[in-house]
Amino acid sequence: MKRALITGVTGQDGAYLAQLLLNQGYKVYGMTARRSTPSLWRLEFLGIEQEVELIDGDMADMSSLVRAVKASKPHEVYNLAAQSFVGTSWKQPVTTAQISGLGVLHMLEAIRLTDPSIRFYQASTSEMFGLVQQPVQSESTPLYPRSPYGVAKLFGHWSTVNYRESFGLYACSGILFNHESPLRGIEFVTRKVTDAVARIKYGRQRELRLGNIDARRDWGYAGDYVKAMWLMLQQEHPDDYVVATGTTTTVREMCKIAFEYAGLNAEDYVVIDPELYRPAEVDILQGDPAKAREKLGWKAETPFKELIEMMVEADLHRVRMGEPREIFSV
Ligand code: GDR
């Protein structure tokens, strides 16, 4: 039986990946940082909380990673743990660097020293393109991060490439563009919008405050994207891949789709709040997924409109059922 260790298993991608691997017959270990009570709502939402074996570990503490690797004896490690909210990275740049940057190196070392045959996946990100150097971004596009988060992820990305080249580790970096779902945290813009649409529809909220709604992103469905992670670790040779839809949409257009689905007009509710602008913005991201399509046979299956409508539908249901909002925000 194949064994996998997923760091950040309580996050959106961790939960979908755990589900995928369980369906493939893996024994799945999930690492969580026990700074506070672990938030298991996503695993519960997918009905897999009993099947994932949780292990304590903290990306900032290499000894805890060595222990997690020794305890789980994984064939594959998926490093999804991060301080992943770009906005927060300006307020906590050092923590972000420690978890999302140095933490990757800690895990690479833990693998190299424990069992270098373990295959490693690093969750890299389109945020590394930042101030984009080419209109459509591929694996060869120069990187220019625009946030402490992007800078930290750049370190993790190059550490992964370097350990592959220096020590021959089977280490892959997936450069994933934005990917969303009903399991997305409420701090991210798509879920903030779909949650607000549902609350406005049922009279629980009056307006929706947003920052730069002219930002453009290449948004896909997280459930599709975790398949690409798994495929990267099943190849003959390790490599890095852009994972994206290849299309780009503004936050403004996304709002329109979300409000319209609930029979509302976005312009009646959206308020622009300059406080929500970022110190440095990534204006546009659009990925070129050609390599993933050709080499992994992967492509994004879920159209953007369908994705946003799926999220609004889930939030309408949740608000209608009176489920507490707080537990969905972590
Ligand atoms: P992003 O996602 O920063 O691209 O990173 P996010 O959804 O936070 O922002 C997308 C764009 O929307 C603009 N925006 C707002 N964003 C938020 N969160 N809240 C607002 O009120 C708001 N108003 C406008 C932002 O300025 C931005 O341009 C996500 C994360 O998941 C990262 O971890 C991941 O690496 C990348 O996607 C790929």
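The values are calculated or read from the model by the stated rules, or taken from the named source; none is laboratory data. Just so you know, these numbers come straight off a predicted model, no measurement behind them. In this analysis, Cβ positions are derived from the backbone assuming ideal geometry, glycine residues included, and neighbour counts consider all displayed protein chains.
In the stretch 263-315, how many are among the hydrophobic types (A, V, I, L, M, F, W, C), under 14 Å from V189 (Cβ atoms) and surrounded by fewer than 18 Cβ atoms within 10 Å (Cβ to Cβ)?
Going through the stretch 263-315 one residue at a time, the tally reaches 2.
Sort through S117, S72, S84 and tell me the only one that's among the polar types (S, T, N, Q), under 17 Å from C172 (Cβ atoms) and assigned by TED's automatic domain parsing to the domain that holds R34.
Of S117, S72, S84, the one residue that is among the polar types (S, T, N, Q), under 17 Å from C172 (Cβ atoms) and assigned by TED's automatic domain parsing to the domain that holds R34 is S117.
Considering only residues that are within 14 Å of the ligand (Cβ to nearest atom) and among the aromatic types (F, W, Y), look in the stretch 207-240 and name the one that is nearest to R184 (Cα to Cα).
So the residue we want is Y221.
Of everything in the stretch 276-302, what is of a type in the set (D, E) and touching a residue at least 12 places away in the same chain (Cβ under 8 Å)? Give them in sequence order.
Result: E281, D283, D288, E301.
Report, by residue number, each residue of the stretch 137-155 that is crowded, with 18+ Cβ neighbours inside 10 Å and part of a loop (DSSP other than H, G, I, E, B).
Across the stretch 137-155, the qualifying residues are T141, L143, P145, R146, S147.
Is it the case that some residue within the stretch 105-114 is within 16 Å of the ligand (Cβ to nearest atom) and either crowded, with 23+ Cβ neighbours inside 10 Å or modelled with pLDDT of 95 or more (or both)?
No - not one qualifying residue is present in the stretch 105-114.
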